[in-house]
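Notes follow the structure.
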Amino acid sequence: MPTTSDLERMLREVSLRVTRPRVAVLSAVYEHPHADTDSIIGAVRTDLGEVSRQAVYDVLNALTNSGLVRRIQPPGSVARYESRVGDNHHHVVCRSCGAIADVDCAVGDAPCLTASDDHGFVIDEAEVVYRGLCPDCSTTTASS
Ligand SMILES: [Zn+2]
Ligand SMILES: [Zn+2]
């Protein structure tokens, strides 16, 4: 887990001014991978006291635009944020409870980037969303 000075350095590296809300939001994203906005707001409030939703939204946008944070939005899910950026990893989403886990790209050199038909696009990212039931939900379903 990065320290406060690590987080401050990351902000400076992308030319964002270091502010307490930015540090708190970035820290919350590191501590709660794939958290939705509400959970991040909750974590930031625990840390800083009262912070407006809009302030947290603004910080999340700034962090996402600067590439420090990745926003994912699986179909049917609210936006979620994570600090694992730039490695083209994928997600598995539970159809029942919405739990999300990281899935590393298929072994080797990101074969999903080689589209069977690129339609002339220069492709630099691919996101695969796997769906199914998480261990908790699959046991519940099986026993009921
Ligand atoms: Zn589940
Ligand atoms: Zn992830």
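The values are calculated or read from the model by the stated rules, or taken from the named source; none is laboratory data. Note that this is a predicted model, so its numbers are computed, not measured. All Cβ positions, even for glycine, are placed from backbone atoms using ideal geometry, and neighbour counts span all protein chains on display. The area values use the complete protein model at the heavy-atom level, side chains included, leaving out ligands, DNA and RNA. Shrake-Rupley method; radii C 1.70, N 1.55, O 1.52, S 1.80 Å.
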Read through the list (1) modelled with pLDDT under 95; (2) within 30 Å of PRO135 (Cα to Cα), then give the number of the only condition that TYR81 fails. (1)
Would you point out the residue of region 100-140, among those that are modelled with pLDDT under 75, out of contact with any helix residue (DSSP H, G or I) (no Cβ under 7 Å at 6 or more places or on another chain) and not in a helix (DSSP H, G or I), that is farthest from ligand 1 (Cβ to nearest atom)? ASP109
Search region 113-125 for residues that are under 18 Å from ASP87 (Cα atoms) and pair each with any residue that is exposed (fewer than 10 other Cβ atoms within 10 Å of the Cβ) and not β-branched (Val, Ile, Thr) when their beta-carbon atoms are under 6 Å apart and the residues are at least 6 apart or on different chains. none
Residue count, region 39-58 (criterion: surrounded by 14 or more Cβ atoms within 10 Å (Cβ to Cβ) and modelled with pLDDT of 95 or more): 11
Condition broken by PRO75, with the remaining ones in (1) over 30 Å from PRO2 (Cα atoms); (2) touching a residue at least 40 places away in the same chain (Cβ under 8 Å); (3) open to solvent by less than 80 Å² (accessible area, probe 1.4 Å) satisfied: (3)
Can we say TYR81 is out of contact with any helix residue (DSSP H, G or I) (no Cβ under 9 Å at 6 or more places or on another chain) and of a type in the set (Ser, Thr, Tyr)? no
Complete set of residues in region 1-33 that are loosely packed, with under 14 Cβ neighbours inside 10 Å and basic (Lys, Arg): ARG9, ARG12, ARG17, ARG20
Reported set for region 84-97 where residues are in a loop (DSSP other than H, G, I, E, B) and under 23 Å from SER27 (Cα atoms) is ARG84, VAL85, GLY86, ASP87, ASN88, HIS89
Only one of these conditions is not met by ASP36: (1) within 16 Å of ligand 2 (Cβ to nearest atom); (2) out of contact with any His (no Cβ under 6 Å at 6 or more places or on another chain); (3) acidic (Asp, Glu); (4) open to solvent by 70 Å² or more (accessible area, probe 1.4 Å). Which number is it? (4)
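For region 76-94, indicate whether the set of residues that are touching a Pro at 6+ places or on another chain (Cβ under 6 Å) and within 16 Å of ligand 1 (Cβ to nearest atom) is non-empty.
The answer is yes; a qualifying residue exists.
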